[in-house]
Amino acid sequence: MAAIPPRLLASWQRSEHYGVPLDEVQPVFSGTYDDESLFSECGREVLAELHNTLASEPVGLMLTDADGLVLNRLSGDQQLLQALDQVHLAPGFSYSERAAGTNGLGLALADRVPSLVRADDHYSRSLCGYTCAAAPIFDPVSGRLEGAVNFTTWSDARSELLLALAQTAATSTANLMLARSHGHRPRPASRGQVFRIEALSQVPGADGDLELSDAWSDAVSRAVEALREGRVVAAVGERGSGRASLLAQAERTLNPRGRLLAVRAPEPHDVESWLSFWTPELSRPDGGFVICDTDDLPVPAAERLRELIVTARGSSTGAYGMSAEHFDAIPASLASLVDTVVQVPPLRERVSDILPLAAHLAHRVRGRQVDLTPTAARALTDYAWPGNVAELATVMKDAAVRTDVIDARPLPPELLSRAEHLPRIKAFERDEMVRVLTRPGVGIEDAARELGMSRATVYRKIAVYGIRLP
């Protein structure tokens, strides 16, 4: 008898733990879902195009959200559609592992990797007549898990290409999302690192060296109070807003000399080595941990980490904090440990923090004070910072390595323009105008000549793009 693959065995064990019935799946019906998001729009288009090619094949093509909720379903085989209705693999029903046990899309979302589940590999016997292949889809800009594509066919049908088709559909959906997201750059790919564990010896603000807004200070105070009472704290908010920094500042306030680690989520295939780190670290008596981006954790990793933390809390006084975009995005196993939720406001809602943070970040890069001209300061405070403090850090690093006095020239063009979400050609024109107009000694006449425009056109486009000149 062939050995059961470890991922499949782990999924069966989770399904049993969730209490999924063996005989018949009983998925949860939601009935409402967001069908106007960029992800949903692009996924539907990709699947519709594939459906035109596979219309004569007995294959059901489905798009799901990150919770396994089926958003749409296409198939040219009426018999298959009727059969899928009988097992509720239909729009409005959730087919996560927790709801339906081991199945292709549930396993793909839990482990965050493409998955193929054949006939008897399903946990519920009612699904053994099908073979399912699914691939997760990640937002190409933020890296957030958006959902999955799932292809289902009869168990006796040839399924060799099913997984490859699912992966192609997932890739095509992500690429289409990127093309329609106004040219924003995708999140940089990992350069071979398994995961990051950072020892936080000093946290800006913990010693009062950085005066920030009341909104930030109040959030830190809430986290400090909760940690002092031994609670597990979740900092939630937009990516890059400083969730991990807030938790680290709170933990460092309580234990200035203790060991404090920030641990980031592993890739799905590196879960074992990531978990092996926790066993010795959790046994330390006074360690502090910031578990970053828990909404990126594969379900198996989150569940095993919970077991380790529960065991360790009986003999350790360590502090625990975790970050996520929303509390609901934290895996259920870890969410059950959370006692206090602290909302971290985005940078655009605490404008008074922008210049102090910019000065601090520039000093950290340059090793000495870096000054901002009034034009640069106005550009920084007027910008919406969709990438929050993480984006500000990148901007200040690029600018501070060039000069001790930052004016308009080293800043990205979008900071000097009020126009947002421009098509690529217009964005290129805007950026070129900013580059020319912010050069020292360049007037409108010079800029018009270099840009090949009339003076009137230059003035008009300055107004259209909302360009702020020094």
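We did not get these values from a lab; they are worked out from the coordinates using the rules stated. Note that the coordinates shown come from a computational prediction; the quantities given were computed from them, not determined experimentally. Here the Cβ is made from the backbone with ideal geometry for all residues, glycine too, and neighbour counts use every protein chain on show.
Enter the angle in degrees (range 0 to 90, nearest 10) between the Cα long axis of helix 354-366 and the first principal axis of the Cα atoms of the chain, meaning the one along which they spread out most.
Taking the Cα atoms of the chain, the angle to 354-366 is about 90 degrees.
Amide H to amide H under 5 Å from I467: which residues, 5+ apart in sequence or cross-chain, H placed 1.01 Å off N in plane?
Close amide H contacts, sequence-distant or interchain: R418.
Can you tell me how the range 211-297 classifies by the Cα gyration tensor, rounded, prolate or oblate, using a/c under 1.5 as the rounded cut?
Oblate.
Stretched out fully, how many nm does the piece from Q26 to A456 gain, at 0.36 nm a residue minus the Cα gap?
Stretched out fully, the Q26 to A456 stretch lengthens by 148.1 nm.
Could you tell me which label, among [x] 48; [y] 39; [z] 70, carries the value of percent of Cα pairs over 37 Å apart calculated for this structure?
[y]
When only DSSP loop residues count, what GluC sites (Glu not before Pro) in the range 29-90 have their Cβ near at most 14 other Cβ atoms within 10 Å?
Hits after loop and neighbour filter: E36.
Largest first and in whole Å, give the semi-axes of the range 1-87's equivalent ellipsoid, each being the square root of 5 times a Cα gyration tensor eigenvalue.
Over the Cα atoms of the range 1-87, the semi-axes work out to 27, 18, 15 Å.
Pop out the ³J(HN,Hα) list for the range 270-284 in order, Karplus 6.51 cos²θ - 1.76 cosθ + 1.60 with θ = phi - 60°, rounded to Hz; leave Gly and Pro as x.
Karplus values, whole Hz, x for Gly and Pro: 10, 4, 4, 5, 5, 5, 5, 5, 5, 4, x, 5, 5, 7, 5.
Using DSSP to define loop residues, name the GluC sites (Glu not before Pro) in the range 362-465 whose beta-carbon has at most 15 other beta-carbon atoms within 10 Å.
Hits after loop and neighbour filter: E420.
I need the semi-axes of the equivalent ellipsoid of the range 284-374: take the C-alpha gyration tensor, multiply each eigenvalue by 5, square-root it, list largest first in whole angstrom.
After scaling each eigenvalue by five and taking roots: 35, 17, 11 Å.
Which ³J(HN,Hα) values, rounded to whole Hz and listed in residue order, are derived for the range 456-465 from phi using the Karplus coefficients 6.51, -1.76 and 1.60 in 6.51 cos²θ - 1.76 cosθ + 1.60 with θ = phi - 60°, glycine and proline given as x?
Once rounded to whole Hz, the list reads 4, 5, 4, 4, 5, 6, 4, 5, 4, 7.
For the range 97-171, which chymotrypsin sites (Phe, Trp or Tyr not before Pro) are both in a DSSP coil and crowded by at most 10 other Cβ atoms within 10 Å?
Hits after loop and neighbour filter: nothing returned.
Would you please give the residues with an amide H less than 5 Å from that of V59, counting only those at least 5 places away or on a separate chain, with H modeled from the backbone geometry?
G76, D77
Per residue of the range 77-82, what does 6.51 cos²θ - 1.76 cosθ + 1.60 with θ = phi - 60° give for ³J(HN,Hα)? Whole Hz please, x for Gly and Pro, Karplus curve as stated.
9, 5, 5, 5, 4, 5
In a shell of Cβ-Cβ distance under 15 Å around T53, excluding T53 itself, what net charge do Lys and Arg (+1) and Asp and Glu (-1) give?
-4
Let me know the charge dipole size of the chain about its Cα centre in debye, to the nearest 20, where only the beta-carbon of Lys, Arg (+1) and Asp, Glu (-1) is charged.
The calculation lands at about 1600 debye.
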